[in-house]
Amino acid sequence: MSGCEDGCGAKAVEAATTPAYVRTLWLVVFLNAGMFLIGLIITVTGGSVSVRADLLDFLGDALATGIGLLLVGRSRRVRSLASLWQGFALGALGLFVLGTALSRMAGGVAPEPFGMSVYGVLGLCVNIGAALLLLKHRNGDASVRAVWLYSRNDAIGNLIVLAAAALVVVSGSYWPDLIAGAAIAFLFLHSSLQIIRDSRRELREVVE
């Protein structure tokens, strides 16, 4: 048997249905959707792999948070199954970003660093705010933790983009951008495994 006979599973579901949590999710959805649109513009004009990876992270975060809203009030099993698929989706996103970075290694031009810097700073501010809003909810069930991990990844990704932009300026090379994109991809893959592991554990607890 699992160690949740005292109702810890029920408490996790209850924590994910409070009005405060729902309001937080709506705000995070709008913030991440806005950053995705801004990232599209910067990627088209600047050609940065790391910004592309980061904007895809914002898109994933907006979708994951939106799914979190749809799951409010659902059973623990439904929420765990949904978070399992969120983990697989994040893993697929990581593989796509990694493939994009590898495909650019054969050659390319240095991306425009100013747009990278602006996006990194703006995104970092947005993600620190989102992460702080979600901080008190990070110990809920697998679905809640998935939303938290997506937001945490965004903040780390923005720091990587800023570091890459500075190195592009110094070196005049596209390699810092590619390495940054690959680093964000590995961050996706690591969090994907964590979400999948949490979801499978909760599904086993529901069965037991």
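Worth pointing out:
- Any chance residue 2 is of a type in the set (Gly, Ala, Ser), surrounded by 20 or more Cβ atoms within 10 Å (Cβ to Cβ) and modelled with pLDDT under 80: no
- Just one residue in the set 178, 149, 167 is part of a helix (DSSP H, G or I), touching a residue at least 60 places away in the same chain (Cβ under 8 Å) and not small (Gly, Ala, Ser); that residue is 178.
- Residue that is modelled with the lowest pLDDT, among those in segment 119-132 that are over 10 Å from residue 35 (Cβ atoms) and surrounded by 15 or more Cβ atoms within 10 Å (Cβ to Cβ): 131
- Filter result (in a loop (DSSP other than H, G, I, E, B) and buried (at least 19 other Cβ atoms within 10 Å of the Cβ)) within segment 67-98: 71
- Test set (1) within 19 Å of residue 133 (Cβ to Cβ); (2) basic (Lys, Arg); (3) in a loop (DSSP other than H, G, I, E, B) - residue 23 fails condition number: (3)
- Which listed residue is surrounded by 15 or more Cβ atoms within 10 Å (Cβ to Cβ), of a type in the set (A, V, I, L, M, F, W, C) and touching a Phe, Trp or Tyr at 6+ places or on another chain (Cβ under 6 Å), from 101, 64: 64
- Condition check for residue 153: in contact with a Gly (Cβ under 7 Å, 6 or more places away or on another chain) and crowded, with 19+ Cβ neighbours inside 10 Å: no
The values are calculated or read from the model by the stated rules, or taken from the named source; none is laboratory data. Bear in mind that the values here come from a model prediction, so they are computed numbers and not experimental data. Glycine also receives a Cβ, built like all others from the backbone with ideal geometry; neighbour counts cover every protein chain displayed.
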